[in-house]
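Chemist: Attaching a single structure in structure tokens format; questions to follow.
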Amino acid sequence: MVQYKGSFKCIILSPKNLIYEKEIQSIFLSGDRGEYEILAYHYPVLGVLKKGDVIINWNERIPIRGGVIRFFANECIIMVEEEIKAPRQDK
């Protein structure tokens, strides 16, 4: 059986810098109307994001304080208010 491995470009920006830019397969978000997952070739989306984690490819987390998302033509652009710096765990 052939597995579908679609991908799309994801860019996450804050007012001060570029946080993330890669080709990904999945992104999971907490929006003002609930949680949702976007895969390649998803219908166009424009939405408001709540404070929480942006989960990329089911295993990479980027904590944010809120923002907006635009998904169009297989490209995801997320503008966040600011990235939450996770506390370091000393070994």
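Chemist: Taking the conditions exactly as written (modelled with pLDDT of 95 or more and either part of a strand (DSSP E or B) or crowded, with 16+ Cβ neighbours inside 10 Å (or both)), does residue 55 satisfy them or not?
Modeler: Yes, satisfied.
Chemist: Only one of (1) surrounded by 13 or more Cβ atoms within 10 Å (Cβ to Cβ); (2) at pLDDT below 95; (3) not aliphatic (A, V, I, L, M) is not met by residue 87, so which one is it?
Modeler: Result: residue 87 passes all but (1).
Chemist: Restricting attention to region 1-46, which residues are surrounded by 15 or more Cβ atoms within 10 Å (Cβ to Cβ), small (Gly, Ala, Ser) and part of a strand (DSSP E or B)?
Modeler: 26, 30, 31
Chemist: Confirm whether residue 37 is at pLDDT 95 or above, within 21 Å of residue 85 (Cβ to Cβ) and of a type in the set (Asp, Glu).
Modeler: no
Chemist: Restricting to region 40-68, name every residue that is small (Gly, Ala, Ser) and within 18 Å of residue 82 (Cα to Cα). If you could, list the steps in order and put the result at the bottom.
Modeler: Applying the first criterion (small (Gly, Ala, Ser)) to region 40-68 yields 40, 47, 52, 66-67.
Hits for region 40-68 are 47, 52, 66, 67.
The values are calculated or read from the model by the stated rules, or taken from the named source; none is laboratory data. In this text the structure is predicted, and so the values were computed from the model without any measurement. Ideal geometry is used to build each Cβ from the backbone, glycine not excepted, and the neighbour counts take in all protein chains shown.
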